[in-house]
Every structure is written in structure tokens, then in C-alpha cells.
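Inspection log for the structure reproduced underneath, given as C-alpha cells.
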Amino acid sequence: MATAFQSNLHLRYVPMPEKPDVLVLRSPRGTVGVARVRCQIAGIGRFGSPEPEDAFLVSHHLSNYRSDIRVDGVPVEKPANIAGLTSIHDYRRRIDCHMHTAFDTLIFHLPRSLLESVCPDVRGSRLEDLAIEPSRPVKDPTVTALASAMLPALAFPERISLLYHDHLCSALATHLVTAYGRTNEVRSGGTLAPWQEKRVKEMIAANLDGEIRLADLAAECRLSVGHFVRAFRRTANTTPYQWLLQRRIEHAKTLMRDGSQTLADVALSCGFADQSHFTRTFSRIVGVSPRAWRNRNAVADAMPQAPALCLMAGVPIA
């Protein structure tokens, strides 16, 4: 069986003039790839045969296009309008594709090991398979939302934190197992132990740039990634990534109260890609822009000094 980085991860079977750039994340759970695959040339023709691989390719279609796809020699039915739909391709099957028009697709390469890692930690629990019709497009609002969250980040891959990328891929894997997985799992309602919660929050707070992976946090707690994410949510009532954003915002408030840094410097100090990213996130979470918050709190910090100044000047206070 070929491994991900030796076979289909970089889409070498796609006959495009320029191979798409694949954002790759390697972790103990497997190698994940994300890419936007666009081709403006009509009639690109027949694809090569993907290598047999214990992995899935999740394709979210960003445009309409015409193609013929066969899985194990059987034609796959597709609607005329495919934009906004999602196809899940099983690399264990023989996939033949002939592309007749230009296309635009966001793809996620997910090894089975990643899907298995999000199953609950129950003795004997395992993912049996995904209950899907391979390669047949379906409407999946969750995949659509995750694709929308990933697309802007792919425009500047050097700015993507490992935790953000890992968070989205883990969320996608969890959704696939929950929505389509056939498992023999028994649900668990556990939370993090106090020492686990304390250690994980310390690790996240020490890495506000996001350069830490879910696998690292889970390993510190001696849990699988799937169990860790669920336990963290039950414990903190939020996801690890959202908790990271909250810590970034709190740190930004501290720096803005000091007043010695520009907003652009504050953004970079708190792990945001740039001031624009910082402003959007701060405004969404706090409800006002960083500039408005700083001006308001600068006024509030100055107000207690007023009585002392008045007394020094000999002015009576009503």
C-alpha cells in the first residue's frame, strides 16, 4: 500500500500544465493535504489512475463543470449544476475521470488514520468505513462552511498557523465520521482532568502564534486527538482554537493599555497575520474595533487622575 506522500497527496495523476500547490501538514495521525485546484483550460482530458491508498479525497466544487467519472468501471451520476456540492472519493477504489471543461475545486486529502483518530477512546472502538456513494456529489453545508473558512487562508499559506490548519482538518474529519462513518463506537462523556486543562491552557498561552498542533496538546494529555477535542470542548465550552483567539485578544488588550505599540505591532505580537486580520477578529469577539477600544480605555484610565490634578491646582471638587 503506497503512503500518502508517495502517491496521491500531490495530485500527480491530474494532467495540468502546472501542478497545484498542496498545503501539507504531517502529524502522527497521518499526512493531510489541502489545495485549490483550478484549471481554465477546457478539455483537459483523461486523468491518470490514482494510486491505491487507504485515504479519501474530499472535493468541494467551487464551479460548475462537465466530466465523466467511473468508480470501479461504473459511471457516477452527477447533477448538471455541481457548484456548491461535495464529492468524497475513496482511493481504495479504481477512479477514472475525464474532464471536458474548466473547473475550480477545493480538495482535502485525508488518510484513514486521521478519521480513525477522531473516534472516541473506547476499548475496541474502530472506524469500519464511510457510508457514502463514492465520488457522487452531495449537498453538505458543513463541508461548505469549512471550505469557506479555508479558502481565504490558502491565499496566504505562509500566514496559516498550524493550530488553525489542524483545527479545520480535525473538524472536517470529525464531521465525516459523525455524518457518514460506520463505527462500533460507544459514546463517552468525559472532560479533561484539572491537570490536563491547566497544562493545555499553559501550552496554548505560551504559543499565541498558533505554532502548536492538536496532536501535541492531545499527547500532553495522553489522549487521542478526537477524544482531546471533545473533552476540551466539554471542559472549556469552546474549541482549542477559539480559546487561543480569546487569549490573543486578552494579550492585545494588555498591550493596547500600555500604549507604547502601534496596532500593527500589537497584531504581530499577538500572533495575527496582520493588522487587518487582528481588526476583524477583535471586532467580532469584542464588538468594537481595536482603535475604538483603545481610545475608550485610554480615556477611562485617565479619569481617576482628574481629582488629584484638581486638588493640586487648588480647584474644589463638587
Report every pair of residues separated by at least 6 positions or lying on different chains whose Cβ atoms are under 8 Å apart, first residue within the stretch 42-56 and free of Cβ contacts under 8 Å to residues at least 40 places away in the same chain, second open to solvent by less than 30 Å² (accessible area, probe 1.4 Å) and not in a strand (DSSP E or B).
Gly48/Val14
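Do we find that Gly33 is part of a loop (DSSP other than H, G, I, E, B), surrounded by 14 or more Cβ atoms within 10 Å (Cβ to Cβ) and touching a helix residue (DSSP H, G or I) at 6+ places or on another chain (Cβ under 9 Å) in this structure? Don't jump to the end; show me each part of the working.
Values: part of a loop (DSSP other than H, G, I, E, B): no; surrounded by 14 or more Cβ atoms within 10 Å (Cβ to Cβ): yes; touching a helix residue (DSSP H, G or I) at 6+ places or on another chain (Cβ under 9 Å): yes.
In short, no.
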Can you pull out the residues in the stretch 80-133 that are modelled with pLDDT under 90 and in a strand (DSSP E or B)?
Leu127, Glu128, Asp129, Leu130
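Report whether or not Pro111 is closer than 25 Å to Arg12 by Cα, under 20 Å from the mean Cα position of the chain (by Cα) and crowded, with 16+ Cβ neighbours inside 10 Å. Steps first, please.
Details: closer than 25 Å to Arg12 by Cα: yes; under 20 Å from the mean Cα position of the chain (by Cα): yes; crowded, with 16+ Cβ neighbours inside 10 Å: yes.
Against the criterion (closer than 25 Å to Arg12 by Cα, under 20 Å from the mean Cα position of the chain (by Cα) and crowded, with 16+ Cβ neighbours inside 10 Å), Pro111 qualifies.
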Conditions (1) at pLDDT 90 or above; (2) in contact with an Asp or Glu (Cβ under 8 Å, 6 or more places away or on another chain); (3) over 30 Å from Glu116 (Cα atoms) -> Ala236 fails only (3)
Looking at (1) open to solvent by 60 Å² or more (accessible area, probe 1.4 Å); (2) farther than 29 Å from Thr174 by Cβ, find the lone condition where Arg26 falls short.
(2)
Determine, yes or no, whether Leu168 is surrounded by 17 or more Cβ atoms within 10 Å (Cβ to Cβ) and not in a loop (DSSP other than H, G, I, E, B).
yes
Could you grab me the full set of residues in the stretch 36-77 that are open to solvent by 40 Å² or more (accessible area, probe 1.4 Å) and under 23 Å from the mean Cα position of the chain (by Cα)?
Arg36, Arg38, Asp54, Leu62
Check the stretch 202-219 and report whether any residue there is at pLDDT 90 or above, among the acidic types (Asp, Glu) and not assigned by the TED database to the domain that holds Ala55.
yes
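Ser113 - would you say it is on the phi < 0 side of the Ramachandran plot and in contact (Cβ under 8 Å) with a residue 60 or more places away in the chain? Quick ask: steps written out before the conclusion?
Values: on the phi < 0 side of the Ramachandran plot: yes; in contact (Cβ under 8 Å) with a residue 60 or more places away in the chain: yes.
Spelling it out, Ser113 is indeed on the phi < 0 side of the Ramachandran plot and in contact (Cβ under 8 Å) with a residue 60 or more places away in the chain.
Look through the stretch 225-267, keep the residues that are of a type in the set (Lys, Arg) and open to solvent by 20 Å² or more (accessible area, probe 1.4 Å), and return whichever of them is nearest to Gly210 (Cα to Cα). Please lay out each step first, then the result.
Filtering the stretch 225-267 for residues of a type in the set (Lys, Arg) gives 230, 233-234, 247-248, 253, 257.
Okay, now just the ones that are also open to solvent by 20 Å² or more (accessible area, probe 1.4 Å), so 230, 233-234, 247, 253, 257.
On the way: Arg230: 19, Arg233: 18, Arg234: 21, Arg247: 11, Lys253: 18, Arg257: 23 Å.
Filtering the stretch 225-267 for residues that are of a type in the set (Lys, Arg) and open to solvent by 20 Å² or more (accessible area, probe 1.4 Å), the one nearest to Gly210 (Cα to Cα) comes out as Arg247.
The values are calculated or read from the model by the stated rules, or taken from the named source; none is laboratory data. This is a predicted model, so every value here is computed, not measured. Virtual Cβ from ideal backbone geometry, glycine too; neighbours counted across all protein chains shown. SASA here: full protein model, heavy atoms, side chains in, ligands and nucleic acids out. Shrake-Rupley method; radii C 1.70, N 1.55, O 1.52, S 1.80 Å.
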